[in-house]
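Trainee: Take this structure, written in structure tokens, and hold onto it; I'll ask about it next.
Bear in mind that the values in this text are calculations on the coordinates, not laboratory data. Not measured: the values here are computed from a predicted model. All Cβ positions, glycine included, derive from the backbone under ideal geometry; neighbour counts span all protein chains shown.
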Amino acid sequence: MVDALTEHAGVVAVRRAWRTVSGGSPERGRRAYLAEADPGVPAWDLTVDAQRELVQMGMDSPQVEVYWSGDDLPPYHRAARTGAALLWRRPETTP
């Protein structure tokens, strides 16, 4: 799934979090992927490509959310990002 996202120019980072029902058992959680993209990159295309890849990998109802760098994220996105594992980050470039 990371490969599917990072083939796109403008992807900044890919993270994996766990989505659970409040008070629910962690074992019943679902993987949720968060992708950060440069502003203006078609986030909807990234979402569709990642979801297709996850379905091909056997995941039922994949959870993928893409946001633009610098966006004021809602509380649930901030919480997910804070607790997420960083799977990939674009290498820094020097001018």
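Trainee: Under 13 Å from the Cβ of ALA79, count the other residues' Cβ atoms, weight Lys and Arg +1, Asp and Glu -1, and hand me the total.
Mentor: +3
Trainee: What residues qualify as long-range amide H neighbours of TRP68, i.e. H under 5 Å apart, gap of 5 or more or another chain, H built at 1.01 Å from N?
Mentor: Under 5 Å from the amide H of TRP68: ALA37.
Trainee: Next question, about the same structure. Using amide H atoms built 1.01 Å from N in the peptide plane, name the residues 5+ places from LEU87, or on other chains, whose amide H lies under 5 Å from its own.
Mentor: Here VAL14, ARG15, ARG16 satisfy the definition.
Trainee: Please give me the summed charge of the neighbours of GLN56: other residues whose Cβ is under 14 Å from its Cβ, Lys and Arg +1, Asp and Glu -1.
Mentor: Charge balance in the 14 Å sphere: -3.
Trainee: Okay, moving on. Of all DSSP beta bridges located in the chain, what percent are antiparallel, nearest 5?
Mentor: 65
Trainee: Say each of ARG16 and LEU86 gets a label point 7 Å from the Cα, pointing the same way as Cα to Cβ; how far apart are those two points in nm?
Mentor: 1.7
Trainee: Just from its helices, what would the mean residue ellipticity at 222 nm be for the chain, if runs of 4 or more DSSP H residues each count -39500 (n - 2.57) and the sum is divided by every residue, rounded to the nearest 500 deg cm²/dmol?
Mentor: About -8000 deg cm²/dmol.
Trainee: Convert each backbone phi in segment 80-88 into a coupling constant with the Karplus relation 6.51 cos²θ - 1.76 cosθ + 1.60 (shift: θ = phi - 60°), then list the ³J(HN,Hα) values in order as whole Hz, x for Gly and Pro.
Mentor: 3J(HN,Hα) across segment 80-88, in whole Hz: 5, 5, 4, x, 8, 8, 6, 9, 7.
Trainee: Sort LEU34, LEU87 so that the residue with the fewest other Cβ atoms within 10 Å of its own Cβ comes first and the one with the most comes last.
Mentor: LEU87, LEU34
Trainee: So what does the Cα-only Debye profile of segment 22-95 read at q = 0.23 Å⁻¹, as log10 I(q)/I(0), no solvent term?
Mentor: Values returned for q = 0.23 Å⁻¹ are -1.26.
Trainee: Could you work out how much longer the chain between LEU73 and GLU27 gets when fully extended? Use 0.36 nm per residue separation minus the Cα distance between them, nm to one decimal.
Mentor: 13.9 nm
Trainee: May I pose another question? Using each residue's phi in segment 62-77, evaluate 6.51 cos²θ - 1.76 cosθ + 1.60 at θ = phi - 60° and report the 3J(HN,Hα) Karplus result to the nearest Hz, with x for Gly and Pro.
Mentor: With coefficients 6.51, -1.76 and 1.60, one gets x, 9, 9, 10, 10, 9, 8, 3, x, 5, 7, 6, x, x, 5, 5 Hz.
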